[in-house]
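Notes follow the structure.
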Amino acid sequence: MTVSFVKRIALLGAALLVSALASPGLAGAQDAVLYEVSETMKVKGGKMARRVANAALVGWVNGGTPICPTVERCHIAAFASDNVNLATGKGPVNGTFAIVVQDQNLVDAPEEVVFQGSLVGKMDLSPALLLGVPYGTISGTWTARGRSKLEGTDRNGTFTGVFRLPFSYGGIPSYLMSPTSIVPVGSDERSLNTPLVRLDLQLQ
């Protein structure tokens, strides 16, 4: 971690704690964890430049949550688009997702769709884009319709989340988990040996 980054963390520590009272916090328990396995991004505009991106994410959802009907974790695949104003670091996001569980083949990855849904919300990447602190937040609403064995089951709710952007800490790819906690990127948090952006979600 560089000296300038340490200073930014120190200066922003109090602000982060205050903002956590009114917005998705940097730290906290999660109902789901997703990883951004691919992203395409363009910068458009002049004075009103915007960051327009499309991403594919995969991960897991805790069992017993509104969109995971099983005792064990469900898998989730999502596709999302955002349009962030580079002057503010904020903008809208929308996407679709599928919740999948294991079918009869216990060897390969889960693939039976039990929920298909959509989400709309807002992104706040100002900590990363404007302050150089490697995280951002997301919040919004989601709706889902049951498929397969859950046909006819509709669900909806809200979500909040924290994007954790990999950064180098002592030469080791790491995530900022709170103003005072940094953890190394795990071996299962990489794709083709590249550290992935991590999204921790809370579902309501």
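Some notes on this structure:
- Relative contact order [Cα under 8 Å, 6+ residues apart], the chain, whole percent: 19
- Size of the range 87-174: Rg and Dmax of its alpha carbons, in Å, are 17.5, 51.
- Residue-span extension gain [Asp154 to Thr40] - 0.36 nm each, minus C-alpha spacing: 37.9 nm
- Axis angle, to the nearest 10 degrees, between helix 3-19 and the longest C-alpha principal axis of the chain: 60 degrees.
- Under 11 Å, Cβ to Cβ, from Arg164 - net charge with Lys/Arg +1 and Asp/Glu -1: -2
- When the convex hull of its Cα atoms is viewed from all sides, the range 57-97 shows a mean projected area of 3.5 nm².
- Over 25 Å [Cα-Cα, the chain], rounded percent: 40
- Candidate lysines - alpha carbon under 19 Å from Lys149, same-chain residues fewer than 8 apart omitted: none
Here, each number is a calculation from the coordinates, and none is a lab measurement. As the structure is a prediction and not an experimental result, all values here were calculated from the model. Cβ atoms come from the backbone with ideal geometry, glycine included; neighbour counts cover every protein chain shown.
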